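The values are calculated or read from the model by the stated rules, or taken from the named source; none is laboratory data. Here the structure is a predicted model, which means the values were calculated and not measured. Cβ atoms come from the backbone with ideal geometry, glycine included; neighbour counts cover every protein chain shown. Heads up: the accessible areas ignore ligands, DNA and RNA and are worked out on the full protein's heavy atoms, side chains in. Shrake-Rupley method; radii C 1.70, N 1.55, O 1.52, S 1.80 Å.
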Amino acid sequence: MSKQANGVVSRRAFLTGAGGAAAAAAGLVALGLPAAAEAQAAPSVPWPLPVLNPDVARDAGYFGYWTNDPWKNTNYGCAYGVASALLASIRSALGPGSPWDGLPLEMFKWGKTGCVESGTLCGALAGALPIFSLAAPASVVEMGGDLLRWYQETPLPSMEMDWLDPKRRYPQQAQSVSGSPLCHISVSSWCKVSGKLSGSTDRKARCGKITGDVAKMAAIILNRFGSSSKYVPIYAAQPDLYAECVHCHIDAPPPPTPDGVRLNNSLGISNCKTCHPDAAPVMSKK
Ligand code: HEC
Ligand code: HEC
């Protein structure tokens, strides 16, 4: 695709290369909206992906977490940390003029504290997933699935950043396995294991390190995708722990079985047992 010196894909390349977007822009014109909207449209995906250094991404993620958000006068947090680390690595490898130049970091900070402070999806994960979409639009589910699986099943935080930050020394912190991609469950299970409060600086340090750990794993996943057109997952589709649940509650119903217990009434690949600990592996039909 031809690019201008400043990296913006030329209007001609844009119109010939991105039919859907061009049609959408034409629609804007038809609606009487300014044609400028068309000229400023972002380059079509996938965006180019260099080989990343996962350790560099990790350290940048850690420090990105602590970066001060002048709008709120507190640290930017996990989602911003991961996104800024990946973007910095990508931009420095590609040099100026890549489509990645145009993404403002401010657009990632909503992920902090489990997405708008709701304790839902861990923001570190939320910071990586949009980058996956832009680099690998056809493989974001498989790549994101690997990131979430790794996050749920790995004792975190790692000790790799214990001596990184001269201003904050929290070595040898307790590790926990979240069993869930949710901020609330991840933080609570760590607080239980460590005996620390969720409002403590120890907990913040833990989340800072997890921001680094997630940035590193995201870089590993991006490298695994590389310049391929299809991502080959690291993990098998479902962990044993809840494959059985998925079989009845998520998989599309097959032709009726004698006992008729395929429900297809749930969605997602979270570990069901974290929230339904008492659910029997196979629940018999009453
Ligand atoms: C063989 C199929 C099957 C498997 C495997 C299975 N379930 Fe169920 N599950 C059912 C049926 C049938 C019901 C009852 C549905 C109803 O009565 O509406 C049910 C009900 C439930 C309910 C509703 C609350 C309740 O207690 O009635 C939850 C939650 C649930 N299952 C979670 C799970 C989880 C978690 C797993 C894996 C550990 C799992 N199920 C495995 C078939 C299954
Ligand atoms: C983050 C927590 C969480 C996770 C993870 C989770 N659930 Fe649930 N689930 C809930 C809550 C909360 C409800 C609604 C309250 C209830 O009925 O227990 C619910 C409801 C359900 C129901 C309907 C229950 C009913 O009363 O009939 C089913 C079936 C179910 N979940 C299955 C699953 C399966 C299968 C998985 C794994 C793929 C899963 N859930 C993972 C929290 C969770």
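Given (1) within 24 Å of Ser133 (Cβ to Cβ); (2) near ligand 2 (Cβ under 10 Å from one of its atoms); (3) in the same structural domain as Met159 (by TED's automatic domain parsing), identify the lone condition not met by Ala215.
(2)
Among the residues of segment 51-99, which ones are part of a loop (DSSP other than H, G, I, E, B) and surrounded by fewer than 17 Cβ atoms within 10 Å (Cβ to Cβ)?
Val51, Asn53, Thr67, Pro70, Trp71, Lys72, Asn73, Gly95, Pro96, Gly97
Taking segment 177-195, which residues are more than 17 Å from Thr211 (Cβ to Cβ), outside any helix (DSSP H, G or I) and either among the polar types (S, T, N, Q) or touching a residue at least 40 places away in the same chain (Cβ under 8 Å) (or both)?
Across segment 177-195, the qualifying residues are Gly179, Ser180.
When only residues in segment 254-268 that are surrounded by fewer than 17 Cβ atoms within 10 Å (Cβ to Cβ) and within 11 Å of ligand 1 (Cβ to nearest atom) count, which is nearest to Gly145 (Cα to Cα)?
Narrowing segment 254-268 to residues surrounded by fewer than 17 Cβ atoms within 10 Å (Cβ to Cβ): 254-261, 263-268.
Keeping just the survivors that are within 11 Å of ligand 1 (Cβ to nearest atom) gives 257, 259-261, 263-266.
Values: Thr257: 30, Asp259: 32, Gly260: 30, Val261: 27, Leu263: 23, Asn264: 20, Asn265: 21, Ser266: 17 Å.
Going through the qualifying residues, I end up with Ser266.
Among the candidates Ile185, Ile221, single out the residue that is closer than 19 Å to Cys115 by Cα, open to solvent by less than 50 Å² (accessible area, probe 1.4 Å) and either assigned by TED's automatic domain parsing to the domain that holds Leu121 or within 23 Å of the chain's Cα centre (by Cα) (or both).
Being closer than 19 Å to Cys115 by Cα, open to solvent by less than 50 Å² (accessible area, probe 1.4 Å) and either assigned by TED's automatic domain parsing to the domain that holds Leu121 or within 23 Å of the chain's Cα centre (by Cα) (or both) holds for just one of Ile185, Ile221, which is Ile185.
Take segment 227-241 and flag every residue that is at pLDDT below 95, over 14 Å from Ala138 (Cβ atoms) and open to solvent by 20 Å² or more (accessible area, probe 1.4 Å).
Listed by number, the residues that qualify are Tyr235, Ala236, Ala237, Gln238, Asp240, Leu241.
On the basis of being farther than 30 Å from Arg58 by Cα and within 11 Å of ligand 1 (Cβ to nearest atom), does Asn271 make the cut?
no
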